[in-house]
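Novice: If you scroll down you'll find the structure; I have some questions about it.
The values are calculated or read from the model by the stated rules, or taken from the named source; none is laboratory data. Just so you know, these numbers come straight off a predicted model, no measurement behind them. Neighbour counts run over all protein chains shown; Cβ positions are idealised from the backbone, glycine included.
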Amino acid sequence: MRPLYREDIVAVAREWIGTPYRHQACAKGAGTDCLGLIRGVWAELYGKPPELPPPYTPDWAERSGVETLRGAAARHMRPVPLQEARIGDVLLFRMSPHSPAKHAAILSAPDKIIHAYWARAVTESFLIPYWQSRRAYAFQFPNLSDDL
């Protein structure tokens, strides 16, 4: 695997901006959800997605109560303490205080994230207090060069 730079991750993620939201999809320009965005960026960086997720419903996290998204991220990425997350890292969010993480984004600047969420196209938005208070986990892509 070739070295990967943080700016590579952000540049690839920005190419997805404007892709419409489509539940369970992962096709740049055609449709994606937050998981599809992370999988799509991964595939562009590494040549193929890390794993195929099982079918999931919009309320899968609430119904299962299991940290499925965190588990999948941990199988392929290096966990990072939230306070140490840097540009290019993946952030996972809890949509309610005691539920499993079910939203994912890529940190594109100290105060911005790139993500896809319900009824919105992939966007780069500020990491406003709404999102800051919901951060649950951070992960680093593998083979990352920290020369940034």
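Novice: List, please: which pairs have Cβ atoms under 7 Å, are six or more places apart or on different chains, and start with a residue in the range 118-144 that is within 18 Å of ARG14 (Cβ to Cβ) and end with one that is loosely packed, with under 12 Cβ neighbours inside 10 Å and modelled with pLDDT of 95 or more?
Specialist: Final answer for the pair search is ALA121/GLY18; VAL122/GLY18; PHE126/ASP111; LEU127/ASP111.
Residues are listed down the side, and each one gets a yes or a no for (1) over 19 Å from ALA61 (Cα atoms); (2) β-branched (Val, Ile, Thr); (3) surrounded by 21 or more Cβ atoms within 10 Å (Cβ to Cβ):
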residue	(1), (2), (3)
ILE106	yes, yes, yes
ALA116	no, no, yes
GLU124	yes, no, no
LEU127	yes, no, no
TYR137	no, no, yes
ASN143	yes, no, no
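Novice: Identify all residues within the range 45-67 that are among the charged types (D, E, K, R), within 18 Å of ALA25 (Cα to Cα) and touching a Phe, Trp or Tyr at 6+ places or on another chain (Cβ under 9 Å); write none if there are none.
Specialist: LYS48
Novice: Which condition number in (1) loosely packed, with under 14 Cβ neighbours inside 10 Å; (2) within 18 Å of LEU37 (Cα to Cα); (3) without any contact (Cβ under 8 Å) to a residue 60 or more places away in the chain is the one that ARG94 fails?
Specialist: Of the numbered conditions (1) loosely packed, with under 14 Cβ neighbours inside 10 Å; (2) within 18 Å of LEU37 (Cα to Cα); (3) without any contact (Cβ under 8 Å) to a residue 60 or more places away in the chain, the odd one out for ARG94 is (1).
Novice: Which numbered condition trips up ALA61, out of (1) closer than 26 Å to GLY18 by Cβ; (2) surrounded by 12 or more Cβ atoms within 10 Å (Cβ to Cβ); (3) at pLDDT below 95; (4) among the hydrophobic types (A, V, I, L, M, F, W, C)?
Specialist: So the condition that ALA61 fails would be (1).
Novice: Just the residues that are more than 11 Å from ALA116 (Cα to Cα) and either among the hydrophobic types (A, V, I, L, M, F, W, C) or without any contact (Cβ under 8 Å) to a residue 60 or more places away in the chain (or both), please, taken from the range 14-24. Walk me through it before giving the result.
Specialist: Initially, the range 14-24 is screened for residues more than 11 Å from ALA116 (Cα to Cα), giving 14-15, 24.
Listed by number, the residues that qualify are GLU15, GLN24.
Novice: Let me ask you something else. Any idea which of LEU45, LEU82, LEU52 is under 26 Å from SER145 (Cβ atoms) and in contact with a helix residue (DSSP H, G or I) (Cβ under 9 Å, 6 or more places away or on another chain)?
Specialist: Among LEU45, LEU82, LEU52, only LEU45 is under 26 Å from SER145 (Cβ atoms) and in contact with a helix residue (DSSP H, G or I) (Cβ under 9 Å, 6 or more places away or on another chain).
Novice: Out of curiosity, is ALA72 under 25 Å from VAL12 (Cα atoms), small (Gly, Ala, Ser) and in contact (Cβ under 8 Å) with a residue 24 or more places away in the chain?
Specialist: When the stated conditions are applied, ALA72 does not pass them.
Novice: Now a separate question. Among the residues of the range 26-52, what is the count of those that are surrounded by fewer than 17 Cβ atoms within 10 Å (Cβ to Cβ) and without any contact (Cβ under 8 Å) to a residue 24 or more places away in the chain?
Specialist: Residues that pass the stated criteria total 7.
Novice: Could I ask something else about it? Which condition does GLU7 not pass, out of (1) buried (at least 19 other Cβ atoms within 10 Å of the Cβ); (2) not in a loop (DSSP other than H, G, I, E, B), if it passes all the others?
Specialist: (1)
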